[in-house]
1. How about segment 114-198: which GluC sites (Glu not before Pro) there lie in a loop by DSSP and see at most 13 other Cβ atoms within 10 Å?
2. What spacing in nm lies between the two simple spin-label points modelled at GLU77 and ARG145, each 7 Å away from Cα in the Cβ direction?
3. Check each of the chymotrypsin sites (Phe, Trp or Tyr not before Pro) in segment 61-113 and keep only those in coil by DSSP with at most 13 other C-beta atoms within 10 angstrom; list them in order.
4. If I take R0 = 41 Å and measure r between the Cβ atoms of ALA189 and ARG118 in this structure, what FRET efficiency does the formula 1/(1 + (r/R0)^6) give, to the nearest 0.05?
5. To make sure I understand, if each residue's beta carbon is the centre and we count other beta carbons within 10 Å, what order do SER142, SER155 fall in, fewest to most?
6. Evaluate the distance, in nm, between pseudo-label points positioned 7 Å from the Cα of ASP156 and of ARG98 along their respective Cα→Cβ axes.
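Please treat every number below as a calculation from the coordinates, not as lab data. Values in this document were obtained by computation on a predicted structure and should not be read as measured data. Neighbour counts are summed over all protein chains in view; Cβ atoms, including those assigned to glycine, are modelled from backbone coordinates with ideal geometry.
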Amino acid sequence: MPPCAHSQRCWARPASKCDNGFEGDSTLSRPDTLPGFRGVLLDRDGVLNDKPKGFVYTWEEFLFLPGVLEALRRLHEAGIPVAVITNQSFIGRGWISRDEVELIHQKMCDAVAEHGGRIEGVFLCPHAPEDGCRCRKPAILSFVRALTCLGLEASDCCYVGDRPTDVLAAHAAGMEGYLVRSGAAFDEAAVRNPPYCAEGLVGDLAEFVDCLLGAE
Ligand SMILES: [Mg+2]
Ligand SMILES: [Zn+2]
């Protein structure tokens, strides 16, 4: 297998001191050795879209990150279903209505479909952190709902996010957690170590899909 084109910039399967219970060779260091996931769960902000104003209030402010639509098309063509899991606490704070967010998600899914991709479902937590719900990441209810939607087991899937807490959520749900650099800033050394132990770190969703399916 040829080395991953991104091998200087991304890694997968960090040090074995991260005993996070996943099977497989913890010494693997190249992302072209990603497991063959049957489904991929994605965070929204920072993975699919940018949010230059800090929050997306309208569809006009929803800006797909470079390569995302192409990456989603590739996953669909490869027969790998995708669902989105996102915390949208601004609903719970009363800054935007759930209907407004659902409309943005409908247009997001339509745009993905127009480009040959498919999002099977969007599972959002509308609550504020202080509500103590079970669907706000790193709690796992949204993951349970997404897996039910896809008809897959947690061990069949992985989650791709842009915050260390996304990895905690993935692991709590029983799946591997990968991080992209296209969203929030985080300490890259820290996420390789406990308590995070991310399975991998890549530039963006397009790079993740390259690592999963091979460069196109
Ligand atoms: Mg995010
Ligand atoms: Zn919630």
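1. On the way: sites: GLU114, GLU120, GLU130, GLU153, GLU176, GLU188; in loops: GLU120, GLU153, GLU188.
Answer in residue order: GLU153, GLU188.
2. Label at GLU77, label at ARG145, 3.2 nm between them.
3. Those satisfying the criteria are TRP95.
4. Values: r = 36 Å, r/R0 = 0.88.
Calculated value: 0.70.
5. If I rank by nearby Cβ atoms, fewest first, I get SER155, SER142.
6. 2.8 nm
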